[in-house]
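Since the structure comes first, as structure tokens, the remarks are kept for the end.
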Amino acid sequence: AQSVTQLDSHVSVSEGTPVLLRCNYSSSYSPSLFWYVQHPNKGLQLLLKYTSAATLVKGINGFEAEFKKSETSFHLTKPSAHMSDAAEYFCVVIHGSGNTGKLIFGQGTTLQVKP
Amino acid sequence: NAGVTQTPKFQVLKTGQSMTLQCAQDMNHEYMSWYRQDPGMGLRLIHYSVGAGITDQGEVPNGYNVSRSTTEDFPLRLLSAAPSQTSVYFCASRQTGWNTEAFFGQGTRLTVV
């Protein structure tokens, strides 16, 4: 069965420093992987998604994620944090082969950005 | 370009009351699903549907009913509200395909007193 584990429940960085949010997955299939962001009291917005075309995926707002099959990881990075990046981030895998509505969420990582 | 629309945004219920959370999407997506979000637990799947007339249970279905009479609508019914159902609820829709992304509504914050 598919699952995702976000390794940090809370990450704190200073503005202008790099961001690393870690996600490991388990999947019997070629995984459908996504990162979503949720700003306070808002809905969820897609940051990026893995496509088999490239292992390094670029998303919105300067975020990237690298798919590493050997490590079963899909970590999210950003070279330089901005105050507006403070939010909760979810790593998500789609259950099964992808032809389903079932999304499986990690428990979330809260990113704090200090001035 | 509405996307996924949830109503209401906020609701307070008394224990034992029933209500329906509405969800509608205008993207002709086959897949729709309901999640609840609780602190420290991410989003957990309540019920989902792979098309009109087809629904199935997710991880936490107890106390909730769904139906899917049309492609566009996927209402979630609370049969007899309990304080444990205090949560934020999200509806999502997704097109068929291996890695198509899900689109989410803005959420319904439900408090059961």
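Between rounded, prolate and oblate, where does chain A land on the alpha carbon gyration tensor, with a ≥ b ≥ c its root eigenvalues, rounded for a/c under 1.5, else prolate if a/b exceeds b/c?
Values: a/c = 1.95, a/b = 1.63, b/c = 1.20.
Cα axes put chain A in the prolate bin.
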With no solvent and one point per C-alpha, what does the Debye sum give as log10 I(q)/I(0) for chain B at q = 0.16 Å⁻¹? -0.67
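Considering only Cα-Cα distances, which of the following residue pairs are longer than 30 Å: A:Lys58/A:Lys114; A:Lys68/B:Lys9; A:Lys69/B:Lys9; A:Lys69/A:Lys114? Kindly include the intermediate steps, with their values, before the conclusion.
Details: A:Lys58/A:Lys114 24 Å; A:Lys68/B:Lys9 39 Å; A:Lys69/B:Lys9 40 Å; A:Lys69/A:Lys114 33 Å.
Exceeds cut-off: A:Lys68/B:Lys9; A:Lys69/B:Lys9; A:Lys69/A:Lys114.
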Once you have a ≥ b ≥ c as the square roots of the Cα gyration tensor eigenvalues for the range A:1-57, tell me rounded if a/c is under 1.5, and otherwise prolate or oblate according to whether a/b is larger than b/c. prolate
Listed residues B:Pro83, B:Pro39, B:Pro75, most fluctuating in chain B (Gaussian network, C-alpha, under 10 Å): B:Pro39
Extending each Cα 7 Å along its Cβ direction at A:Asp8 and A:His82, get the distance between those two points in nm, one decimal. 2.0 nm
Out of the DSSP beta bridges found with both residues in chain B, what percent are antiparallel (nearest 5)? 90 percent
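Suppose R0 equals 41 Å. What FRET efficiency, 1/(1 + (r/R0)^6) with r the Cβ-Cβ distance, do A:Glu15 and B:Thr70 give to the nearest 0.05?
Details: r = 47 Å, r/R0 = 1.15.
Efficiency computed from Cβ-Cβ geometry: 0.30.
Scale the Cα Rg of the protein assembly as shown by the rule-of-thumb value 2.2 N^0.38 Å and send over the ratio, two decimals. All intermediate terms of the calculation are to be shown ahead of the outcome.
Details: Rg = 17.5 Å, N = 228, 2.2 N^0.38 = 17.3 Å.
Compactness ratio reported: 1.01.
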Mind checking the mean number of beta-carbon atoms from other chains within 10 Å of the Cβ atoms in A:84-92? 1
Given a cut-off of under 8 Å on Cα pairs at least six residues apart, what relative contact order in percent is computed for chain A? 37 percent
For chain A, set up a Gaussian network in which alpha carbons nearer than 10 Å are linked by springs, and say which option among A:Ile60, A:Ile94, A:Ile104 fluctuates the most. A:Ile60
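Which whole number gives the average count of other chain Cβ atoms within 10 Å of the Cβ atoms across peptide A:39-52? Can you show the working numbers first?
On the way: counts 0, 0, 4, 3, 12, 11, 2, 4, 0, 1, 4, 1, 2, 2.
Other-chain Cβ atoms within 10 Å of each residue's Cβ, averaged: 3.
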Using mean Cβ contacts within 10 Å as the protection proxy, how do B:85-97, B:5-17 order, highest first? B:85-97, B:5-17
On the protein heavy atoms, probe 1.4 angstrom, tell me the percent of accessible surface of the range B:26-113 carried by carbon and sulfur. 50 percent
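Once A and B are treated as a pair rather than alone, how much accessible area drops out, both sides summed, in Å² to 100, probe 1.4 Å? Mind showing how you got there, number by number?
On the way: alone 6290 and 6150 Å², together 10430 Å².
It comes to approximately 2000 Å² buried between A and B.
Would you mind working out the accessible area per residue for the range A:1-92, using a 1.4 Å probe, and quoting it in Å²?
Values: 4430 Å² over 92 residues.
With the other protein chains kept in place, the range A:1-92 gives 48 Å² per residue.
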Computed accessible area, A:Val11, all protein chains, 1.4 angstrom probe, square angstrom: 20 Å²
What does the structure give for A:19-25 when I average, per residue, the other chain Cβ atoms found within 10 Å of the residue Cβ? 0
If the label point is 7 Å along Cα→Cβ of A:Ser30, which residues in the range A:49-88 have backbone nitrogen under 13 Å from it? A:50-55
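Given a cut-off of under 8 Å on Cα pairs at least six residues apart, what relative contact order in percent is computed for chain B? Don't skip to the end; give the middle numbers.
Details: 297 pairs, mean separation 39.9, N = 113.
Once divided by the residue count of chain B, the mean separation gives 35 percent.
Using a 1.4 angstrom probe, figure out how much accessible area chain B has per residue, in square angstrom, rounded to the nearest whole.
Working: 5120 Å² over 113 residues.
Using a 1.4 Å probe on heavy atoms only, each residue of chain B averages 45 Å².
The values are calculated or read from the model by the stated rules, or taken from the named source; none is laboratory data. Here the structure is a predicted model, which is why all the values come from computation and not from measurement. Using ideal geometry, Cβ is built from the backbone for each residue, glycine included, and neighbour counts are taken over all protein chains shown. To get the accessible areas, we keep the full protein, side chains included, count just its heavy atoms, and leave off ligands, DNA and RNA. Shrake-Rupley method; radii C 1.70, N 1.55, O 1.52, S 1.80 Å.
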